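S.K.: This structure is in structure tokens; I'll ask about it shortly.
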Amino acid sequence: MTSFYGYEPKSRLFLGTAQYPSPKVLEDAVRAAEVDIVTVSLRREGADGAGQAFFDLINHLGVRVLPNTAGCHGVKEAVTTAQMAREVFRTPWIKLEVIGENDTLCPDVVALVEAARILIEDGFEVFPYCTEDLVIAEKLLAAGCNVLMPWGAPIGTARGLNNEYGLRSLRGHFPDVPLVVDAGIGLPSHAARAMELGYDAVLLNSAVAGAGDPSKMAKAMALAVEAGSLGREADPLDPRDMAVPSTPVFGKAML
Amino acid sequence: MGDKRSSHMYLTVNGKALDAHAGNLAALLDELDYADRLVATALNGEFVPKDERDAAMLSEGDKVEILAPMKGG
């Protein structure tokens, strides 16, 4: 099993906790998928104490949290958010998001590298939300990232793997780095495909939370990730153009 | 009037204008009933760890962020 900064999750599916119709639906989805790792965030606390209630729910679920810097658009903002998250969630893990463009939520990969460098020097274990760009991946690894999380497609689009060649290339260039497809997944087949490409895990949120039956979709995603992973390990056939009969030709009756 | 109960000043707390009396960040959390809650704080864009809130003195026009755990993707 792949290790993520020394932690080996049982499930290769990481699940976001946002956009569920209710905390109960979130809880059901987490249990249905049997995930070990969920993403969380920090937001302004209101008078209703919703933050504490959410924290209690996450603790109740017994999962490991991966706080994010969602919505941050610059190095300073992302670094400060990460520092605040570390204190609240008591973990050195941070899903580092530095957004560069609002329509696609494309990462600002230049700022991402700089923020990662600052945070790693400060003791963080960074999960960078990045693109499939090989040069940026190299720089993130040089900065001290031990995990890379390229997007499948823009967040929330449910388009699947937009650049399968790029993702395969990334896998090929960094065979020993834990790689997670993060964002853009819509269907279980997308998640399975990511695993068939040799990815170590899939992180998704909207595909489950936005489904008509989040619990069922969570289970479907977990099974898809497992199926894709097993398929990869089983060393599948290469595709070919010409048919090859599977039933033996020898011994066929002449009728 | 002690250090923590200086004269009032205008702050921006979580994006809203506020007339506060607290002299430092720890006292502000007390004043706003956040003292017992699980929150992280920033003053003018800089993270202020919990054990440094007492020493984080507030000035007129300061921007304070008080953040709590929330769902996220």
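S.K.: For segment B:17-28, which positions are at pLDDT 95 or above and either touching a His at 6+ places or on another chain (Cβ under 6 Å) or within 14 Å of chain A (Cβ to nearest Cβ) (or both)?
M.R.: Of everything in segment B:17-28, those that are at pLDDT 95 or above and either touching a His at 6+ places or on another chain (Cβ under 6 Å) or within 14 Å of chain A (Cβ to nearest Cβ) (or both) turn out to be B:Leu25, B:Leu28.
S.K.: Looking at (1) part of a helix (DSSP H, G or I); (2) within 14 Å of chain A (Cβ to nearest Cβ); (3) charged (D, E, K, R), find the lone condition where B:Asp36 falls short.
M.R.: (1)
S.K.: Picking from A:Arg117, A:Arg159, which residue would you name as being of a type in the set (Lys, Arg) and out of contact with any helix residue (DSSP H, G or I) (no Cβ under 6 Å at 6 or more places or on another chain)?
M.R.: Values: A:Arg117 fails: out of contact with any helix residue (DSSP H, G or I) (no Cβ under 6 Å at 6 or more places or on another chain).
Unique residue meeting the criteria: A:Arg159.
S.K.: Out of the residues in segment A:1-25 that are within 13 Å of another protein chain (Cβ to nearest Cβ), over 15 Å from A:Ala220 (Cα atoms) and in contact (Cβ under 8 Å) with a residue 12 or more places away in the chain, which is surrounded by the fewest Cβ atoms within 10 Å (Cβ to Cβ)?
M.R.: Only one residue fits best here, namely A:Pro21.
S.K.: Would you check if there is a residue in segment A:27-48 being surrounded by 17 or more Cβ atoms within 10 Å (Cβ to Cβ) and free of Cβ contacts under 8 Å to residues at least 24 places away in the same chain?
M.R.: yes
Let's see how each residue does on (1) under 13 Å from the mean Cα position of the chain (by Cα); (2) among the hydroxyl-bearing types (Ser, Thr, Tyr); (3) surrounded by 18 or more Cβ atoms within 10 Å (Cβ to Cβ); (4) in a strand (DSSP E or B):
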position: A:Leu112; (1), (2), (3), (4): no, no, yes, no
position: A:Glu132; (1), (2), (3), (4): no, no, yes, no
position: A:Cys145; (1), (2), (3), (4): no, no, yes, no
position: A:Gly166; (1), (2), (3), (4): no, no, no, no
position: A:Ser169; (1), (2), (3), (4): no, yes, no, no
position: A:Pro175; (1), (2), (3), (4): no, no, no, no
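S.K.: Confirm whether A:Ala85 is in contact with a helix residue (DSSP H, G or I) (Cβ under 7 Å, 6 or more places away or on another chain), at pLDDT 95 or above and either away from every other protein chain (no Cβ under 14 Å) or buried (at least 16 other Cβ atoms within 10 Å of the Cβ) (or both). Show your work before the answer.
M.R.: Details: in contact with a helix residue (DSSP H, G or I) (Cβ under 7 Å, 6 or more places away or on another chain): no; at pLDDT 95 or above: yes; either away from every other protein chain (no Cβ under 14 Å) or buried (at least 16 other Cβ atoms within 10 Å of the Cβ) (or both): yes.
Taking the combined requirement at face value, the residue does not satisfy it.
S.K.: Among the numbered criteria (1) crowded, with 18+ Cβ neighbours inside 10 Å; (2) at pLDDT 95 or above; (3) outside any strand (DSSP E or B), which single criterion is violated by B:Asp51?
M.R.: (1)
S.K.: Right, here's the next one. Tell me yes or no: at least one residue of segment A:199-206 is touching a Gly at 6+ places or on another chain (Cβ under 8 Å), small (Gly, Ala, Ser) and either in a helix (DSSP H, G or I) or more than 19 Å from A:Leu161 (Cβ to Cβ) (or both).
M.R.: yes
The values are calculated or read from the model by the stated rules, or taken from the named source; none is laboratory data. Remember, it's a predicted structure, so these values are computed and weren't measured experimentally. Using ideal geometry, Cβ is built from the backbone for each residue, glycine included, and neighbour counts are taken over all protein chains shown.
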